[in-house]
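What follows draws every value from the coordinates through simple rules; no lab data is involved. What you see is a predicted model; the values in this text were computed from it and never measured. Virtual Cβ from ideal backbone geometry, glycine too; neighbours counted across all protein chains shown.
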Amino acid sequence: MNEILAALALSAGQGPAPVVIPAQPAPIVRTLPAAPPAPAVRPGALPLTMPVGQPPMGEQPAPAAPAFETPREEEAKEEAPSPPVYLLERSLRDTWLGQTMADHNLRVYGWTAMNYSVSTNSVSNLPMTFNDQPNAYQLNQNWLHFEKAIDTSKDEFQWGLVTDWIVPGTDARFSVARGLFNGQTGNYQFDLYQAYLQAFLPKLGPKGTAVKVGKFQTHIGYELVQAVDTPFVSKAYLFQYNPFTHTGIWATTQLDDHWSVGNGFATGADTFFDQASRLTYLGQLKWVSDEAKTTGLLNVMVTNPKYDTAEAFAFYNTYNAQLVHNFTDKFTYVIDATYSHMNNFPGVGFSDWYGAANYFIYKLTDKVTTTLRAEVFEDSEGVRTGFPGLYTEVTAGVAWAPVPAVIVRPSVRYDNNSTSPAFEGKNDMWSAAFELIFRW
């Protein structure tokens, strides 16, 4: 265990570092940055590192609960209401700058997300994230979004751009990509999470094609880094230990009212322009039923899945399936399943990790939504979490939006790994989080 903690104590600012488990090293495709020095009230706290990985805004179905839902690009319906306008845009609306932005279809907004968590762990909640610090306050995100949007319902060429920043927040320790601001240390870091140009080509394909070029979040998986777009502050293992972002090109072609396809190429998973880069194919097949009551997606990320020993970086293949069904206007069910694998990992050889997460979302009122997540996640050799075995976790929470600009989200969670003592020498962990989001 001393060897494990010593390996986990490496700083993420040095690039992906291996997590060591008994008798074998474990790679970090993306490294969870070292925790900040422990305050005096928590002497002896050890910084931990581990891999990270994850979704693009608009390429997967949004959670149905309005308490944490925001409009997603390429998915908005013509009949959808105009998006809400928050403090920053309202402040600019009557100014020269605000008028200029409106004339050019430019938007800027953001939010601040924070939480206080308690846990049966005392040093760290890892391998659970993003509220990885037990019995402590975290300012998770100061998020800034700027965009020139495109409207795919218009039969004309359009261009736009999107940038998303964490400026700063503790979540940036997990989301930062190799080769872009990954030399930071400390608890609060900055991340240019997305930065891409986009265009709509109405004559390419039966109903046009939307293209992104730059750094964008992955199409794989249901959850998102954006606090307002995801149900809990704590993340599913399935989300945490698979891709976050890609750098490259991504094109989505609408074939008809039901089917669309996505194709692209990238430098890998969670790597910018860096020596740790490898040509990677991205693909998606998406189906939407009449009245959009059911959505199904098949997603892939395929490369040469061979661990790069020289760069201490993991390249892997991922296959993902999602199904979202709205049983009623109030009740939505989601299942998200992923299988990932890689070869040539030192001391292990072939390694895989896989699992499924179920989401039960029920809208009690226009302001209150409940969500239950039940997940199983197998980390066969422990190369992703640092501890091999089958993880199970159940998370329940409520999202309350007393006013559109405020979201209050308390939640409770139970984690278990019956094979390994993954939680500070124990096989399980209880935790609870109180999250507060201010949109501006």
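Within region 205-240, the set of residues being among the aromatic types (Phe, Trp, Tyr) and within 10 Å of the chain's Cα centre (by Cα) comprises TYR222, PHE239. Scanning region 196-208 for residues that are outside any loop (DSSP other than H, G, I, E, B) and more than 16 Å from PHE265 (Cα to Cα) returns ALA199, PHE200, LEU201.
For region 373-421, how many residues are touching a Leu at 6+ places or on another chain (Cβ under 9 Å) and either of a type in the set (Lys, Arg) or under 17 Å from SER119 (Cβ atoms) (or both)? Counting residues in region 373-421 that are touching a Leu at 6+ places or on another chain (Cβ under 9 Å) and either of a type in the set (Lys, Arg) or under 17 Å from SER119 (Cβ atoms) (or both) gives 8. Against the test of being in contact with a helix residue (DSSP H, G or I) (Cβ under 9 Å, 6 or more places away or on another chain) and surrounded by fewer than 23 Cβ atoms within 10 Å (Cβ to Cβ), the options ALA374, ALA356 yield a single qualifying residue, ALA356. Pairs meeting the criteria (first residue in region 146-164 and among the charged types (D, E, K, R), second residue assigned to a loop (DSSP other than H, G, I, E, B) and buried (at least 18 other Cβ atoms within 10 Å of the Cβ), beta carbons under 9 Å, at least 6 apart or on different chains) are GLU147/GLU73; ASP155/GLY208; ASP164/MET57; ASP164/VAL225; ASP164/GLN226.
Assess whether LEU282 counts as being surrounded by 14 or more Cβ atoms within 10 Å (Cβ to Cβ), in a strand (DSSP E or B), touching a residue at least 60 places away in the same chain (Cβ under 8 Å) and in contact with a Lys or Arg (Cβ under 6 Å, 6 or more places away or on another chain). Spelling it out, it is not the case that LEU282 is surrounded by 14 or more Cβ atoms within 10 Å (Cβ to Cβ), in a strand (DSSP E or B), touching a residue at least 60 places away in the same chain (Cβ under 8 Å) and in contact with a Lys or Arg (Cβ under 6 Å, 6 or more places away or on another chain). Out of curiosity, is ASN135 among the polar types (S, T, N, Q) and in contact with a helix residue (DSSP H, G or I) (Cβ under 7 Å, 6 or more places away or on another chain)? It is false that ASN135 is among the polar types (S, T, N, Q) and in contact with a helix residue (DSSP H, G or I) (Cβ under 7 Å, 6 or more places away or on another chain). Go through the residues of region 249-270 one by one and say whether even a single one is touching a residue at least 60 places away in the same chain (Cβ under 8 Å), closer than 30 Å to PHE438 by Cα, under 20 Å from the mean Cα position of the chain (by Cα) and assigned to a loop (DSSP other than H, G, I, E, B). Within region 249-270, one or more residues are touching a residue at least 60 places away in the same chain (Cβ under 8 Å), closer than 30 Å to PHE438 by Cα, under 20 Å from the mean Cα position of the chain (by Cα) and assigned to a loop (DSSP other than H, G, I, E, B).
The lone criterion from (1) touching a Gly at 6+ places or on another chain (Cβ under 6 Å); (2) crowded, with 18+ Cβ neighbours inside 10 Å left unmet by ARG173 is number (1).
Just to be sure before I move on: is ALA321 surrounded by fewer than 23 Cβ atoms within 10 Å (Cβ to Cβ) and within 20 Å of SER175 (Cα to Cα) in the structure I sent? It is false that ALA321 is surrounded by fewer than 23 Cβ atoms within 10 Å (Cβ to Cβ) and within 20 Å of SER175 (Cα to Cα).
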